[in-house]
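S.K.: The structure's right below; bear with me while I get my questions together.
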Amino acid sequence: MKNLPLLFLGIFFTLAFSWSGLILSSEIQYGKLVPTTSTLNAEGEPEEGGELFPAASAGIALQGKEVYQNQGCMYCHSQQVRPKGYGADFERGWGPRQTVPRDYILEDRVLLGTMRTGPDLANVGGRALSADWHHQHLYNPQITSPGSVMPPFRYLYRMQEIDPEGPSPDAVSIPADFPYAPPPGYEVVPTDEAKALVAYLLSLRIDYELPEAKFSQ
Amino acid sequence: MYTASALVTVVIIVACLIFVSAVYALYWASRHGQLERFEEGAKSIFTEEEPEGRPLDAFPDKEKPRPPWPPEEETRS
Amino acid sequence: MSTLPTTQASPAPAKTEAPPEEWSDRVALSTIDESMRVPGIFFVVSGGVWLLIGTALAIVASFKLHNPEFLGNIEALTFGRARSAHLNAMTYGWGNNALFAVALWIMSRLCRAPVRYHYILITAGVMWNLGVTIGIWGILFGDLTSVEWLEMPTYVTPLLALSYALVGVWGILAFHFRKGDHVYVSQWYILAALFWFPWLYTVAQMMIFFTPARGTVQAITNWWFAHNVLGLWYTPVGLAAAYYLIPKILGKPIHSYYLSILGFWSLALFYNWAGVHHLIGGPIPLWLQAAGTVGSIGMVIPVIVVAVNHHLTARGSFRAVWNSPTLRFVVFGAMSYTLTSLIGSAMAVPDVNEVTHFTHFTVAHAHHGVYAFFTMVMFGAIYFMLPRLLNREWPSATLIRIHFWACALGIGIYVVGLSIGGWMQGLMMNNPDIPFLDIVQAMIPWLLSRSFAGILLTVGHLAFFANLIWMIAGPRSTVPKTSLGRERVPA
């Protein structure tokens with residue numbers, strides 16, 4: 001090779017090609033998606049006065065997302081449901097329908113995940129699991145899921161002496177025969193971080209349809 | 001909003017343009033002698049200090065390959 | 001090793017003819033090696049330290065995945081943080097430092113341009129390592145971003161970008177001041193990588209952190225970046241090293257120079273489309289998933305081209321390959337490149353991806369590429385480079401052998417074990433009748449095999465690091481330069 005401008009042009013062009021092909025064109029195609037109603041009217045516009053989806057999450061759940069991020073939950077738990085017939089996401093009850101681009105447009109950081117050492121969490125808030133179940137699970141996963149390899153998040157909880165006036169309303173019920181169960185006279189309470197994390201998990205739900213994604217798809 | 005099929009059309013057009021320019025680049029290169037003595041380039045890594053025909057590396061406890069290598073009678077075929 | 005291919009026109013002794021007039025000021029290779037001594041050692045030793053840190057974190061993360069109570073009460077070492085710190089220590093600590101040393105050295109040698117003002121290069125190196133240290137500290141203590149391959153908190157981005165720019169500019173400067181009219185294929189790869197990496201990094205930082213793109217466009221940007229770190233940063237430099245070292249050490253030119261050029265352009269064209277295959281089945285448009293599959297399948301071309309070319313170059317010289325510590329590692333790496341790339345292309349086929357996606361199969365594949373290919377090639381290049389920078393031999397051949405066997409066996413067990421385990425995991429996950437916790441339990445033997453492989457790799461890394469420090473700290477050897485196979489410059 002003797003002609004260097006050609007080499008430079010090639011180096012520049014190949015990456016520019018993939019950048020515009022993959023990223024720029026996705027941005028053009030759906031980078032401006034907005035929330036919409038579950039069904040569209042005859043003109044293909046959102047129903048007037050209808051509820052818009054997805055709805056933005058707020059408050060304590062958003063703080064919980066920070067905890068989810070800095071603990072690295074995403075490295076074992078995805079947040080996406082593949083279409084029915086591709087994999088068994090639907091049959092496993094991970095979501096009532098596939099997830100589509102519009103589901104994620106209000107998220108500041110998209111945590112799709114690429115690993116399922118643990119189950120998918122896109123709709124974990126839609127399963128019949130109480131806050132107390134989540135706290136038990138985070139404190140010691142073996143309580144709720146024997147044989148799980150999920151790490152314990154005990155450091156997000158505090159063990160304290162039970163107030164003589166009565167136990168804390170937040171106290172987590174830890175069965176006595178598990179390691180790190182509180183001794184008599186003590187109770188386990190979640191820190192603000194644990195509360196926020198559970199609020200976030202409970203906020204993860206796919207309980208609405210979109211024009212492009214109906215239930216059971 | 002653009003539809004997916006419109007985008008695919010655009011991508012196909014762009015791909016055709018790229019293909020045409022690649023063909024032209026190749027034509028240009030051959031016209032301007034870029035491809036002459038092409039295989040010679042492979043020898044540009046050899047220098048006076050590390051000449052062609054000499055292996056350079058061996059485990060430190062093994063005897064080093066010594067020049068001339070390979071033996072001269074085998075290369076003069 | 002006794003016969004050379006017929007393409008070699010002139011035997012060795014005839015190659016001592018005087019260089020053309022205009023190259024009379026070309027610098028001798030030994031001078032270039034000397035100019036690279038301090039920065040080269042700096043980058044290799046920092047890389048070695050990160051390699052050990054990354055290995056320790058890897059062992060922690062691996063043990064936790066079959067034994068969750070192991071160090072279970074330490075927040076900083078929870079699985080998500082330990083594995084992210086491991087990835088970043090290996091990628092930006094070990095990988096980039098080793099790459100800086102090897103790429104700059106090969107570039108300077110091929111350009112016949114000594115490294116100038118190396119104290120600026122060292123300053124850049126110190127800044128880079130400082131940035132990585134702060135970044136990994138951030139990951140462990142609460143600032144993990146949860147964006148794959150970009151886990152380090154954004155406050156280190158400016159420092160990393162600036163120090164990278166300085167290092168990259170040094171490679172480009174060497175290129176600018178080159179002597180001689182030919183630009184060898186390794187120079188193409190390195191030059192391209194030096195341009196591609198900052199571009200990838202800047203776009204990813206901007207579109208994910210500073211002005212986040214909407215929705216899953218972020219995910220597409222993320223995987224465009226993450227896959228290209230391997231494809232357009234590590235792979236080109238790994239291939240550049242292989243294209244330089246294999247013919248150099250065997251003393252015969254690469255089998256087909258045409259093929260090497262074809263390989264370069266097809267890699268540049270296809271590899272950067274492949275990243276979206278990490279999102280197959282996900283919430284992105286179907287045509288993008290198709291583009292990712294096409295790019296991944298297209299990678300078969302450059303991979304086969306490189307494999308054929310390297311194989312035909314080494315053919316007939318396998319004893320020489322085996323007797324050279326450098327070539328053992330480099331050829332192991334080159335063979336892994338072929339295998340892992342072909343597996344990667346297969347994994348992008350939707351029917352295969354349906355099984356392998358979200359499983360340990362992907363983890364095995366990632367280590368197959370970054371470790372069995374890139375890291376092994378870097379080890380090989382370092383085994384060739386350091387004796388020339390320091391003018392002394394490696395002190396222990398035994399340690400080199402331990403290093404090779406521990407790493408080759410270790411990564412072999414790692415990839416085979418996790419691939420089988422991951423495939424089973426995928427099949428079980430796609431069968432909704434199997435309860436999820438049964439899958440978790442079924443994975444434990446395979447995860448144990450991974451930890452065992454990790455211990456082997458640790459042994460190899462310790463042997464490498466011990467040899468490295470012993471070599472640098474040891475007494476100056478009186479070995480003449482010719483013992484490295486190098487001839488003195490004709491007067």
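The values are calculated or read from the model by the stated rules, or taken from the named source; none is laboratory data. Note that the coordinates shown come from a computational prediction; the quantities given were computed from them, not determined experimentally. Don't worry about glycine lacking a Cβ; one is built from the backbone with ideal geometry, like all the others, and counts go over all protein chains shown.
S.K.: Which one of these does C:ALA307 not meet: (1) at pLDDT below 95; (2) closer than 15 Å to C:VAL185 by Cβ?
M.R.: With (1) at pLDDT below 95; (2) closer than 15 Å to C:VAL185 by Cβ applied to C:ALA307, the lone miss is (2).
S.K.: Of the residues C:ALA453, C:ALA442, only one is of a type in the set (A, V, I, L, M) and without any contact (Cβ under 8 Å) to a residue 24 or more places away in the chain; which? Steps first, answer last, please.
M.R.: On the way: C:ALA453 fails: without any contact (Cβ under 8 Å) to a residue 24 or more places away in the chain.
The unique qualifying residue is C:ALA442.
S.K.: Answer with yes or no whether A:SER25 is surrounded by 15 or more Cβ atoms within 10 Å (Cβ to Cβ), closer than 22 Å to C:GLN289 by Cα, more than 7 Å from chain C (Cβ to nearest Cβ) and of a type in the set (Gly, Ala, Ser).
M.R.: Yes; evaluated as a whole, the condition is true for this residue.
S.K.: Can you tell me which residues in the stretch C:92-131 are surrounded by fewer than 22 Cβ atoms within 10 Å (Cβ to Cβ) and of a type in the set (Ser, Thr, Tyr)?
M.R.: Listed by number, the residues that qualify are C:TYR117, C:TYR119, C:THR123.
S.K.: Anything in the stretch A:72-114 that is more than 14 Å from the chain's Cα centre (by Cα), at the interface with chain C (Cβ under 7 Å from one of its Cβ atoms) and either under 26 Å from C:ALA76 (Cβ atoms) or acidic (Asp, Glu) (or both)? List them, or say none.
M.R.: A:GLU91
S.K.: Looking at A:ILE105, A:ILE60 in this structure, which one is surrounded by fewer than 19 Cβ atoms within 10 Å (Cβ to Cβ) and among the β-branched types (Val, Ile, Thr)?
M.R.: Numbers: A:ILE105 fails: surrounded by fewer than 19 Cβ atoms within 10 Å (Cβ to Cβ).
Being surrounded by fewer than 19 Cβ atoms within 10 Å (Cβ to Cβ) and among the β-branched types (Val, Ile, Thr) holds for just one of A:ILE105, A:ILE60, which is A:ILE60.
S.K.: I want to confirm something. Restricting to the stretch C:427-442 and keeping residues that are more than 8 Å from every other protein chain (Cβ to nearest Cβ) and in a helix (DSSP H, G or I), which single residue is nearest to C:GLU354 (Cα to Cα)?
M.R.: Residues of the stretch C:427-442 that are more than 8 Å from every other protein chain (Cβ to nearest Cβ), as a first pass: C:427-428, C:433-435, C:438-439, C:442.
This time we only want the ones that are in a helix (DSSP H, G or I), so: C:427-428, C:438-439, C:442.
On the way: C:LEU427: 9, C:MET428: 12, C:ASP438: 20, C:ILE439: 16, C:ALA442: 19 Å.
Top of the filtered list is C:LEU427.
S.K.: Additional query: Quick check on my filter: what residues within the stretch A:28-48 are part of a loop (DSSP other than H, G, I, E, B) and more than 10 Å from chain C (Cβ to nearest Cβ)? Spell out the reasoning first.
M.R.: Step one: list which residues in the stretch A:28-48 are part of a loop (DSSP other than H, G, I, E, B), which gives A:31-35, A:37-39, A:41-45, A:47-48.
Scanning the stretch A:28-48 gives A:PRO35, A:THR37, A:SER38, A:THR39, A:ASN41, A:ALA42, A:GLU43, A:GLY44, A:GLU45, A:GLU47, A:GLU48.
S.K.: Need the failing condition index for C:THR313 against (1) within 14 Å of chain A (Cβ to nearest Cβ); (2) more than 20 Å from the chain's Cα centre (by Cα); (3) not aromatic (Phe, Trp, Tyr), just the number.
M.R.: Against the list (1) within 14 Å of chain A (Cβ to nearest Cβ); (2) more than 20 Å from the chain's Cα centre (by Cα); (3) not aromatic (Phe, Trp, Tyr), C:THR313 comes up short only on (1).
S.K.: Select from the stretch C:302-348 the residues that are in contact (Cβ under 8 Å) with a residue 12 or more places away in the chain and of a type in the set (Phe, Trp, Tyr) and list them in ascending order.
M.R.: C:PHE318, C:PHE329, C:PHE332, C:TYR337
S.K.: Given C:PRO350, C:PRO325, which one is more than 15 Å from C:ASN228 (Cα to Cα) and crowded, with 21+ Cβ neighbours inside 10 Å? Before the answer, list the steps.
M.R.: Numbers: C:PRO350 fails: crowded, with 21+ Cβ neighbours inside 10 Å.
C:PRO325 is the lone residue from the list that is more than 15 Å from C:ASN228 (Cα to Cα) and crowded, with 21+ Cβ neighbours inside 10 Å.
S.K.: Something else about it: Residue under question is C:VAL294, and the condition is that it be away from chain A (no Cβ under 14 Å) and surrounded by fewer than 23 Cβ atoms within 10 Å (Cβ to Cβ); does it hold?
M.R.: no
S.K.: A further question on this structure: What are the residues in the stretch C:436-473 that are among the β-branched types (Val, Ile, Thr) and farther than 23 Å from C:HIS368 by Cβ, if any?
M.R.: The answer is C:VAL440, C:ILE469, C:ILE472.
S.K.: Enumerate the pairs (first residue in the stretch C:29-51 and without any contact (Cβ under 8 Å) to a residue 60 or more places away in the chain; second residue anywhere and surrounded by fewer than 22 Cβ atoms within 10 Å (Cβ to Cβ)) with beta-carbon separation below 6 Å, excluding pairs fewer than 6 apart on the same chain, so at least 6 apart or on different chains.
M.R.: none
S.K.: Among the numbered criteria (1) surrounded by fewer than 21 Cβ atoms within 10 Å (Cβ to Cβ); (2) more than 30 Å from A:ARG102 (Cα to Cα), which one does A:LYS195 miss?
M.R.: (2)
S.K.: Let me ask something else. Kindly indicate which of C:GLY142, C:GLY95 is among the small types (Gly, Ala, Ser) and not in a helix (DSSP H, G or I). Let's see the steps before the verdict.
M.R.: On the way: C:GLY95 fails: not in a helix (DSSP H, G or I).
After applying the criteria, what remains is C:GLY142.
S.K.: For the stretch C:305-320, how many residues are part of a helix (DSSP H, G or I) and farther than 12 Å from C:PRO247 by Cβ? Let's see the steps before the verdict.
M.R.: Going residue by residue through the stretch C:305-320, those that are part of a helix (DSSP H, G or I) are C:305-314, C:318-320.
Pick out the ones that are also farther than 12 Å from C:PRO247 by Cβ and you get C:305-308, C:311, C:318-319.
The total comes to 7.
Table: residues versus (1) at pLDDT 95 or above; (2) in contact with a Phe, Trp or Tyr (Cβ under 7 Å, 6 or more places away or on another chain); (3) aromatic (Phe, Trp, Tyr).
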{"position": "C:GLY380", "(1), (2), (3)": "yes, yes, no"}
{"position": "C:LEU389", "(1), (2), (3)": "no, no, no"}
{"position": "C:ARG392", "(1), (2), (3)": "no, no, no"}
{"position": "C:TRP405", "(1), (2), (3)": "yes, no, yes"}
{"position": "C:GLY421", "(1), (2), (3)": "yes, yes, no"}
{"position": "C:ASN430", "(1), (2), (3)": "yes, no, no"}
{"position": "C:PHE436", "(1), (2), (3)": "yes, no, yes"}
{"position": "C:SER449", "(1), (2), (3)": "yes, no, no"}
{"position": "C:LEU457", "(1), (2), (3)": "yes, no, no"}
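S.K.: From A:ALA122, A:ALA128, which residue is more than 9 Å from chain C (Cβ to nearest Cβ), at pLDDT below 95 and either buried (at least 22 other Cβ atoms within 10 Å of the Cβ) or part of a loop (DSSP other than H, G, I, E, B) (or both)?
M.R.: Working: A:ALA122 fails: at pLDDT below 95.
Just one listed residue meets the conditions, A:ALA128.
S.K.: Shifting gears a bit: Just a yes or no: is a residue in the stretch C:259-273 out of contact with any strand residue (DSSP E or B) (no Cβ under 9 Å at 6 or more places or on another chain), of a type in the set (Val, Ile, Thr), in contact (Cβ under 8 Å) with a residue 24 or more places away in the chain and over 24 Å from C:ILE382 (Cβ atoms)? Before the answer, list the steps.
M.R.: Quick first cut of the stretch C:259-273, residues out of contact with any strand residue (DSSP E or B) (no Cβ under 9 Å at 6 or more places or on another chain) only: C:259-273.
If we keep only those that are of a type in the set (Val, Ile, Thr) too, we end up with C:261.
From what is left, the residues that are in contact (Cβ under 8 Å) with a residue 24 or more places away in the chain are C:261.
Next cut, over 24 Å from C:ILE382 (Cβ atoms) only: C:261.
For the stretch C:259-273, residues out of contact with any strand residue (DSSP E or B) (no Cβ under 9 Å at 6 or more places or on another chain), of a type in the set (Val, Ile, Thr), in contact (Cβ under 8 Å) with a residue 24 or more places away in the chain and over 24 Å from C:ILE382 (Cβ atoms): present.
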